[in-house]
Amino acid sequence: MALPSAWSEMRVGILLLSVLGLLSARLVGAGQDSGSVIPAESRPCVDCHAFEFMQRALQDLKKTAYNLDTR
């Protein structure tokens, strides 16, 4: 009886991991309750997040420019 090659073992392992990944994704998706959704009124808007991100990026750029100027 011939031993299976490493390639065939890897293919079986990859297939098994793929199946387990798909099953776990379905279980995670099924476990979420629709009642746990945060209402839109209490969430900050996307524009607010983008503005805060850009503000922090601008502050970082100003600090970097200042540090380069002082050298």
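The values are calculated or read from the model by the stated rules, or taken from the named source; none is laboratory data. Treat the numbers as computed from the prediction; the structure is a model and nothing was measured.
Quick notes on this structure:
- Segment 1-21, subset assigned to a helix (DSSP H, G or I) and small (Gly, Ala, Ser), residue modelled with the lowest pLDDT: Ala6
- Considering residues of segment 30-68 that are modelled with pLDDT under 90 and β-branched (Val, Ile, Thr) only, the residue nearest to the chain's Cα centre (by Cα): Val46
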